[in-house]
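Peer 1: Let me give you the structure first, and then I'll get to my questions.
The values are calculated or read from the model by the stated rules, or taken from the named source; none is laboratory data. Predicted model only: the values in this text are computed from it and were never measured. Here the Cβ is made from the backbone with ideal geometry for all residues, glycine too, and neighbour counts use every protein chain on show.
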Amino acid sequence: MATRQEFNACMGPFIRGKEKTKEERQAGFCIGAKICSGKAKTEEEAKAICARPHLPKWAQGGAEKTEGEKTEKTEKPEELTCPQKTQRALETIQVVRDLIKSGQTDKIKEPLKQVLQDIHSCAPEEIKALASDTLSEVRKTAGEFYFKGEGREMVKSLDTLRDLMGHKPEKPELNASGDKVVMPTEDPKTVQRAEESIRGGKE
């Protein structure tokens, strides 16, 4: 194993250079770290590793615990299959959508963390990358004021992610003519008549 001095000397060529942009320096740091630590033997191999989607810092670690939960010494590893994690991610995205639409963005951080962890456990690489970008953007609004148009865009982005994960929206029931079947409780006139009937019974 290389000493700290040898590691730093190895990293030098990858991160030095005044002409390098911040992004180039970050990329060089990742590539150099993989080569200098022995995780990659060639620069191409290091680039491939660095290009893989990874969990952002905010999504790492378990959910925040209460004081009572922190006293537990051991924590059982979660035993969920990929289909179960995917289903949980889809359900949690729905929760986040509802929180955004109701203006409760101060409550979306933990659900977003769970969603991204579940996606990174099982989803294809392209879905992982999209999820990291989408959920990181949504998380920026946590607890902040935003306009209705921004809220709609966030919900739209979550819907796109959910659709790519295989979400199948419920199809409305159609009649023989191809029109949507409106249930009695969805018909405004029926609801109005029912309310008038209730009021009449109380008089």
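Peer 1: Looking only at residues that are surrounded by fewer than 14 Cβ atoms within 10 Å (Cβ to Cβ) and among the charged types (D, E, K, R) in the range 26-57, which one is farthest from GLU137 (Cα to Cα)?
Peer 2: Step by step, filter the range 26-57, then rank; the result is LYS41.
Peer 1: Please go through the range 110-130 and give me each residue that is within 20 Å of GLY61 (Cβ to Cβ), touching a residue at least 40 places away in the same chain (Cβ under 8 Å) and part of a helix (DSSP H, G or I), ordered by number.
Peer 2: Going through the range 110-130, the residues within 20 Å of GLY61 (Cβ to Cβ) turn out to be 110-123, 128.
The next check asks that each one be touching a residue at least 40 places away in the same chain (Cβ under 8 Å); those that pass are 110, 112-114, 116-117, 119-120, 122-123, 128.
Residues satisfying the conditions are GLU110, LEU112, LYS113, GLN114, LEU116, GLN117, ILE119, HIS120, CYS122, LYS128.
Peer 1: Would you check if there is a residue in the range 24-45 being in a loop (DSSP other than H, G, I, E, B), out of contact with any strand residue (DSSP E or B) (no Cβ under 9 Å at 6 or more places or on another chain) and of a type in the set (Asp, Glu)?
Peer 2: Among the residues of the range 24-45, not one is in a loop (DSSP other than H, G, I, E, B), out of contact with any strand residue (DSSP E or B) (no Cβ under 9 Å at 6 or more places or on another chain) and of a type in the set (Asp, Glu), which makes the answer no.
Peer 1: Continuing with the same structure: Of these, ARG152, ARG162, which one is more than 13 Å from the chain's Cα centre (by Cα) and either part of a helix (DSSP H, G or I) or not assigned by TED's automatic domain parsing to the domain that holds VAL96 (or both)? Write out each step before concluding.
Peer 2: On the way: ARG162 fails: more than 13 Å from the chain's Cα centre (by Cα).
Matching residue, one of ARG152, ARG162: ARG152.
Peer 1: Follow-up. Is there a residue being at pLDDT 90 or above, in a loop (DSSP other than H, G, I, E, B) and either hydroxyl-bearing (Ser, Thr, Tyr) or at positive phi (or both) anywhere in the range 68-84?
Peer 2: So far as the range 68-84 goes, yes, one or more of its residues are at pLDDT 90 or above, in a loop (DSSP other than H, G, I, E, B) and either hydroxyl-bearing (Ser, Thr, Tyr) or at positive phi (or both).
Peer 1: Within the range 111-125, work out how many residues are surrounded by 14 or more Cβ atoms within 10 Å (Cβ to Cβ) and over 9 Å from the mean Cα position of the chain (by Cα).
Peer 2: The first filter runs over the range 111-125 and keeps only residues surrounded by 14 or more Cβ atoms within 10 Å (Cβ to Cβ), leaving 111-123.
Add one more test, that the residue is over 9 Å from the mean Cα position of the chain (by Cα), and what stays is 120-123.
Residues flagged as surrounded by 14 or more Cβ atoms within 10 Å (Cβ to Cβ) and over 9 Å from the mean Cα position of the chain (by Cα) within the range 111-125 amount to 4.
Peer 1: Let me ask something else. Taking THR141, is it hydroxyl-bearing (Ser, Thr, Tyr) and in contact with a Leu (Cβ under 9 Å, 6 or more places away or on another chain)? Don't jump to the end; show me each part of the working.
Peer 2: Values: hydroxyl-bearing (Ser, Thr, Tyr): yes; in contact with a Leu (Cβ under 9 Å, 6 or more places away or on another chain): no.
So THR141 does not fit the description; no.
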